[in-house]
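Student: Could you have a look at this structure, given as structure tokens, before my questions?
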Amino acid sequence: MNAAPAAVVDPRFSDSTVAATPWTETSAALAGAELYWLTTVRADGRPHVTPLTALWVDDTFLFATGPGEQKAHNLAGNQQVAITTGSNGWTTGLDVVIEGAAATVTDPVELQRFADLMREKYLGAWDYRVRGEFVSPDGESLAGLYRVDPTKVLAFAKGRYAQTRYRLRRA
């Protein structure tokens, strides 16, 4: 993304004297998170929520999953997702929600970049490989990579209580 998205504070859920959380702060919180929560939709409409490791790179959310996992089955039928991260404290921190659609990534260059960045971010604990196929850290299971280009991001600042909404425009 070239320019920061427009940020609007929702006065219904914010202190009257606060400004919008800057996009740079929200983006840094997303990039620095170690754990995210992914919500997908099951075939019968029920939500499925699971923790996962992932990346926030260039204003895009990237995550991998195996073909037999529930989230992969859900994404085959409904690509709409919500991703959350933050802290479970009441007075400090920043909680962030991303909404968008998950799209499958198959480009070998993007797969390799994801593998390299995951290895770097998680200090080798997540060691995906690209060997003709995208391989999970266990070295045997196939993995699928998904990209979520957010359509909306919400940031919930605590202590100064500001709910900021960002509308991301995609080309």
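Bear in mind these aren't lab numbers, they're just calculated from the coordinates by the rules spelled out. Computed from a prediction, not measured in an experiment: that's the story for all the values here. Counting neighbours? That spans all protein chains shown, and the Cβs are built from the backbone with ideal geometry, glycine included.
Student: Once you compute Rg and the Kirkwood Rh from C-alpha atoms, what is the Rg to Rh ratio for the range 1-99?
Tutor: That ratio equals 1.01.
Student: Return a whole-number percent for the relative contact order of the range 120-171, with Cα pairs under 8 Å and 6 or more residues apart as the contact set.
Tutor: Worked out over the range 120-171, it gives 20 percent.
Student: Please compute the modelled spin-label separation between Gln79 and Leu52, points set 7 Å along Cα→Cβ, answer in nm with one decimal.
Tutor: In this crude label model, Leu52 to Gln79 measures out at 1.4 nm.
Student: Please give the charge dipole size of the range 92-152, origin at the Cα centre, charges +1 on K and R Cβ atoms and -1 on D and E Cβ atoms. Round to the nearest 20 debye. Provide the component values of the computation, followed by the final result.
Tutor: Details: 7 positive and 11 negative charges, 18 e Å.
Using Cβ point charges on Lys, Arg, Asp and Glu, the range 92-152 gives about 80 debye.
Student: Give me the dipole magnitude in Debye, nearest 20, for the chain about the Cα centre, with unit charges on the beta carbon: positive for Lys and Arg, negative for Asp and Glu.
Tutor: The dipole of the chain has a size of about 500 debye.
Student: Tally Lys/Arg at +1 and Asp/Glu at -1 over every other residue whose Cβ is under 12 Å from the Cβ of Val105; what's the total?
Tutor: -1
Student: What area, in nm² and to one decimal, does the C-alpha convex hull of the range 85-167 cast on average over all directions? Kindly include the intermediate steps, with their values, before the conclusion.
Tutor: Values: hull surface 27.8 nm².
For the range 85-167, averaging the hull's shadow over all directions gives 6.9 nm².
Student: Please state the charge dipole magnitude for the range 24-87, taken about the Cα centre, from unit charges on C-beta atoms (+1 on K and R, -1 on D and E), reported in debye and rounded to the nearest 20.
Tutor: For the range 24-87, the charge dipole is close to 300 debye.
Student: What's the extension gain from Thr24 to Asp138 if we count 0.36 nm per residue and subtract their Cα-Cα distance?
Tutor: Between Thr24 and Asp138, full extension yields an extra 37.6 nm.
Student: What lysines could a cross-link reach from Lys71, if we take a straight Cα to Cα line under 29 Å and drop same-chain neighbours fewer than 8 places away?
Tutor: Output for Lys71: Lys121, Lys152.
Student: What's the ranking of 89-96, 37-44 by average number of surrounding C-beta atoms within 10 Å, highest first?
Tutor: Top of the packing list down: 37-44, 89-96.
Student: Please return the longest range in the chain lying between exposed loop sites, taking GluC sites (Glu not before Pro), DSSP loop only, at most 14 other beta-carbon atoms within 10 Å, and leaving the sites out.
Tutor: 35-132
Student: Three principal axis extents, largest first, for the C-alpha atoms of the chain, in Å?
Tutor: For the chain, the Cα spread along each principal axis is 54, 37, 35 Å.
Student: Quick one: go through the range 132-171 and flag any residue whose amide nitrogen is under 20 Å from the point 7 Å out along the Cα-to-Cβ line of Trp37.
Tutor: Within reach of a label on Trp37, which here means backbone N under 20 Å from a point 7 Å along Cα→Cβ, the range 132-171 contributes 148, 150-159, 161-166.
Student: Could you check the simple spin-label distance between Ser87 and Thr106, using points 7 Å along Cα→Cβ, in nm with one decimal?
Tutor: Between Ser87 and Thr106, the label points sit 4.3 nm apart.
Student: Also, quick follow-up: Towards the positive end of the charge dipole of the chain, with charges on Cβ (+1 Lys, Arg; -1 Asp, Glu), say which of Gly132, Leu75, Ala115 has the farthest Cα.
Tutor: My answer, from the dipole projection, is Leu75.
Student: On to the next question. What is the P(r) of the range 14-58, as percent of Cα-Cα pairs per 10 Å bin from 0?
Tutor: 22, 32, 30, 16, 1
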